[in-house]
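Please treat every number below as a calculation from the coordinates, not as lab data. Every value quoted in this text rests on a predicted model; they were computed, and no experiment measured them. FYI the Cβ positions are ideal-geometry reconstructions off the backbone, even for glycines, and counts take in every protein chain you see.
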Amino acid sequence: MWGGGKQKPEKVDTLIGQQTELRGDVIFSGGLHVDGKIKGSVIAEEGGPAVLVLSEHGMIEGEIRVPYIVVNGVVIGDIHVNETAELAPHARVTGNVYYNRIEMSMGAEVNGNLVHLEEPVKESDVATSAGVRELASEAES
């Protein structure tokens, strides 16, 4: 994938079928594939790889917080993606999309704002910038 970074998990651990409707929050890890309907927030557990795939037949009404997402269905609510968001041709999003990297196919629709998030700061970068500031302040005195 472009830009390097982590690879998204390819394995589907959980499938929500087309004739299924869930009411309430869903917290998951690994791969979640949604063909049905979820009314509630969908949140990936912190620390592990997770991907949410919403098929053309799927619908989510609620906030989404995941590292990776592929949307080809309907989302009513904000999407927060700290890695990559892929919006396929049948994607219909009513809400804001907060993303690090985004891929949007012709035909995808977002009725809201696209908000680019900055890369997360690594601890080594913080230590390096602190060291540079110390050297700069020593040079000034």
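Given a Förster distance of 35 angstrom, what is the FRET efficiency for GLU109 paired with LYS11, based on the Cβ-Cβ distance and rounded to 0.05?
On the way: r = 29 Å, r/R0 = 0.83.
With a Förster radius of 35 Å, E is 0.75.
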Protection proxy ranking, peptides 37-44, 26-33, 48-55, average beta carbon neighbours within 10 Å, highest first: 48-55, 37-44, 26-33
Point-to-point label distance, GLU61-LEU117, nm (Cα→Cβ direction, 7 Å offset): 2.6 nm
